[in-house]
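Read through the structure below, which is laid out as structure tokens, and then see the notes.
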Amino acid sequence: MKKPIQMKSGLNDKIFVWSIVLPALIFFAIFVYYPFFRNVYLSFMDYNYIKEPHFAGLENYRKLLGDEYFYNSLKNTFILTLLSVPSVLAIALFLSVILFKIGKYQGLFRSAIFSTYLVPLVVASVIFKLLFGTEAGLMNSLIVSMGGSKINWLTEPELALFCLILLNIWNGTGYYMVIFLAGLSNINNQLYEAAEVDGAGFIRKFFSITVPSLKPTTVFAVIFATISFLRTFVTVEVMTGGGPYRSTETIIKYMFDQGFKSRNVGYSSLLSIVLFLITLIVSLIQMRITKSKEE
């Protein structure tokens with residue numbers, strides 16, 4: 001008499017599990033796997049939204065190998081990422097350590113700094129474009145009022161890249177500061193007390209206790225920040241449009257122009273695959289280096 005009840009119970013468990021798993025599988029199939037394999041398919045095609053996709057073989061791949069604009073966008077993307085990631089994380093860690101020591105008004109300062117992350121990137125980019133405008137920008141107005149000359153912030157290659165990095169720092173610091181604050185709250189306070197008994201100062205405690213204890217948090221922050229800045233597009237599109245002279249054109253900006261302006265969908269699909277592979281490789285290298293150091 002008990003076996004049918006047990007079988008019915010097992011069937012109900014399976015139905016319950018599949019009712020939870022199946023929606024997630026459908027979501028990933030529609031919004032992750034299908035677009036990826038669709039991109040792989042289109043990378044072998046000649047397609048411009050108007051005519052039907054036409055098989056082009058390895059033509060897009062041959063074009064990629066000799067495309068100087070692709071290599072330029074790749075270089076700009078890496079420069080922007082390599083300069084933004086350590087800057088954002090260093091400032092975020094510095095602020096988190098200071099705020100963690102402040103008891104009074106900590107919530108107020110934390111909310112004020114984190115609020116910069118809540119500003120949409122489009123809005124932040126417009127603000128910075130107005131701030132660093134050549135003719136009527138606030139920065140140039142202040143410089144002229146003090147007797148200086150106007151600076152071409154967004155029309156000089158090096159300065160335009162500097163403005164983009166500055167925007168990344170302003171927008172991302174609050175987010176990573178909160179992450180580091182969460183990591184600091186998990187450090188055993190007895191370690192600091194023991195270090196103080198041994199006569200260790202702030203610098204010694206920071207490098208001997210804080211930094212090693214924050215290693216898991218730092219690894220997450222580095223990987224997440226790297227992936228985010230490798231996908232930089234909105235700030236470039238709004239502030240500089242990839243200029244001047246393609247000096248700030250990132251790989252996603254180049255991919256967007258190829259896909260929607262030049263309507264070279266097959267080549268744009270190939271660029272998206274390249275970006276995916278670059279992001280995957282960089283993430284695996286970072287995790288591998290971290291694992292090696294821990295071993």
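The values are calculated or read from the model by the stated rules, or taken from the named source; none is laboratory data. Computed from a predicted model, the values in this text were never measured in an experiment. Glycine also receives a Cβ, built like all others from the backbone with ideal geometry; neighbour counts cover every protein chain displayed. Side chains are part of the model used for accessible areas, which takes the heavy atoms of the whole protein and leaves out ligands, DNA and RNA. Shrake-Rupley method; radii C 1.70, N 1.55, O 1.52, S 1.80 Å.
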Determine which member of the set F114, F94, F109 is open to solvent by 40 Å² or more (accessible area, probe 1.4 Å), under 30 Å from T218 (Cα atoms), out of contact with any Asp or Glu (no Cβ under 9 Å at 6 or more places or on another chain) and touching a residue at least 12 places away in the same chain (Cβ under 8 Å).
-> F114
Kindly indicate the residue of the stretch 129-140 that is more than 11 Å from T240 (Cβ to Cβ) and either open to solvent by less than 70 Å² (accessible area, probe 1.4 Å) or in contact with a Cys (Cβ under 6 Å, 6 or more places away or on another chain) (or both) and also modelled with the highest pLDDT among those meeting that condition.
-> L131
Any residue in the stretch 141-157 that is buried (at least 17 other Cβ atoms within 10 Å of the Cβ) and assigned to a helix (DSSP H, G or I)?
-> no
Scope the stretch 240-295; condition under 24 Å from S125 (Cα atoms) and aliphatic (A, V, I, L, M); matching residues | I251, I252, M255, L275
Sole residue being in contact with a Leu (Cβ under 9 Å, 6 or more places away or on another chain) and surrounded by fewer than 17 Cβ atoms within 10 Å (Cβ to Cβ), chosen from F78, F100 | F78
In the stretch 120-157, the residues that are among the acidic types (D, E) and touching a residue at least 24 places away in the same chain (Cβ under 8 Å) | E156
From the list F132, F100, F128, F70, pick out the single residue that is over 24 Å from the mean Cα position of the chain (by Cα) and either over 13 Å from M177 (Cβ atoms) or not small (G, A, S) (or both).
-> F100
Which one of the conditions (1) free of Cβ contacts under 8 Å to residues at least 40 places away in the same chain; (2) open to solvent by 30 Å² or more (accessible area, probe 1.4 Å) does Y175 fail to meet, given that it meets all the rest?
-> (1)
Please work out if L166 is in a helix (DSSP H, G or I) and open to solvent by 70 Å² or more (accessible area, probe 1.4 Å).
-> no
Which residue pairs have Cβ atoms under 9 Å apart, sit 6 or more places apart or on different chains, and have a first residue in the stretch 59-79 that is within 16 Å of V40 (Cα to Cα) and at pLDDT 95 or above and a second that is surrounded by 14 or more Cβ atoms within 10 Å (Cβ to Cβ) and not hydrophobic (A, V, I, L, M, F, W, C)?
-> none
Within the stretch 36-68, tally of residues that are in contact with a His (Cβ under 8 Å, 6 or more places away or on another chain) and either of a type in the set (D, E) or open to solvent by 40 Å² or more (accessible area, probe 1.4 Å) (or both) = 2
May I ask you to say which residue of V274, V222, V211 is more than 30 Å from P157 (Cβ to Cβ) and aliphatic (A, V, I, L, M)?
-> V211
